[in-house]
Amino acid sequence: MATEVGNTTLYSVEDLLSRSKAAAESGSTAGMSKIQKMIAEMEKGTTDTVNLSPVAKLLKQEAASKPDTSTPYTEQEWYINAKVAQLQGQLNMYSTLPGLDPTGAIMQSLEDEIYGLVESQQAKLKKSQDEAAAKQAELDKLNAEKANAPLSAEKMLERSKTLASGQEIKTELSDAAKKLLDKYA
């Protein structure tokens, strides 16, 4: 039962409970404080847990759209350089002070690690060379198609204007045609 005192309405416990129950069932956020609205939105899952600026929201969406293709740090150049320096230092130390490794087990493990590092680098190099060869083959194919393509309308018009003006057209012979001419000349 609500009681009015001056300009303020005082609600009983039953009224407050019934109002909050009705608000919770309706999903309405009217009459809630800012904190209560944020909690209600988080419970519904309709909002982020952090209020982001428009720029931060855009960056978050962009980062979410990009697949994570970063290479592990163990395959990055700076790590490999540091690892090589470390292995050089260890190799130098254990080779100059043989008393540190009387059984040779440490030198053997260093050798195995060096061979593993060299093999991984050779595999990367081979992969990049294969990719480069494939791209070069594709480029050669495109250049061959371009060289063997028929003349465009603009080129034909240009050639006919050149011939009509009495000038000679310079044509370059392909390597195969030059070989045939040299063979029969």
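Is it the case that some residue within the stretch 100-111 is open to solvent by 70 Å² or more (accessible area, probe 1.4 Å) and closer than 28 Å to THR71 by Cα?
The answer is yes; a qualifying residue exists.
Need pairs with beta-carbon distance below 8 Å; first residue under 29 Å from TYR94 (Cα atoms) and small (Gly, Ala, Ser) and within the stretch 105-133, second open to solvent by less than 100 Å² (accessible area, probe 1.4 Å) and assigned to a helix (DSSP H, G or I); sequence gap 6+ or separate chains.
Partner pairs satisfying both residue conditions: SER120/GLU75.
Does LEU97 meet the test of being open to solvent by 60 Å² or more (accessible area, probe 1.4 Å) and at pLDDT below 95?
Here the answer is yes, as LEU97 does meet what is asked.
Looking only at the stretch 144-185, filter to residues that are under 48 Å from the mean Cα position of the chain (by Cα), in a loop (DSSP other than H, G, I, E, B) and small (Gly, Ala, Ser); which one of those is modelled with the highest pLDDT?
Filtering first and then ranking leaves SER152.
Test of understanding: among LYS141, LYS135, which residue is charged (D, E, K, R), open to solvent by 70 Å² or more (accessible area, probe 1.4 Å), more than 30 Å from TRP78 (Cα to Cα) and at pLDDT 90 or above?
Details: LYS135 fails: more than 30 Å from TRP78 (Cα to Cα).
That would be LYS141, the only listed residue that is charged (D, E, K, R), open to solvent by 70 Å² or more (accessible area, probe 1.4 Å), more than 30 Å from TRP78 (Cα to Cα) and at pLDDT 90 or above.
When you check GLN86 against the structure, is it open to solvent by less than 80 Å² (accessible area, probe 1.4 Å), at pLDDT 80 or above and in a helix (DSSP H, G or I), yes or no?
On the way: open to solvent by less than 80 Å² (accessible area, probe 1.4 Å): no; at pLDDT 80 or above: yes; in a helix (DSSP H, G or I): yes.
Considered against the rule, which asks whether it is open to solvent by less than 80 Å² (accessible area, probe 1.4 Å), at pLDDT 80 or above and in a helix (DSSP H, G or I), GLN86 comes out as no.
Going by what's in this entry, would THR74 be described as outside any helix (DSSP H, G or I), modelled with pLDDT under 90, loosely packed, with under 10 Cβ neighbours inside 10 Å and of a type in the set (Val, Ile, Thr)?
Here the answer is no, as THR74 does not meet what is asked.
Please verify whether THR47 is surrounded by 11 or more Cβ atoms within 10 Å (Cβ to Cβ), at pLDDT below 75 and not assigned by the TED database to the domain that holds VAL118, treating the condition exactly as stated.
For THR47, the condition - surrounded by 11 or more Cβ atoms within 10 Å (Cβ to Cβ), at pLDDT below 75 and not assigned by the TED database to the domain that holds VAL118 - is met.
The values are calculated or read from the model by the stated rules, or taken from the named source; none is laboratory data. It should be emphasised that the depicted structure is a prediction, and the values quoted were computed from it without experimental measurement. Cβ sites come from the backbone with ideal geometry, for glycine too, and all protein chains shown count toward neighbours. Accessible surface areas use protein heavy atoms only, side chains included; no ligands, DNA or RNA. Shrake-Rupley method; radii C 1.70, N 1.55, O 1.52, S 1.80 Å.
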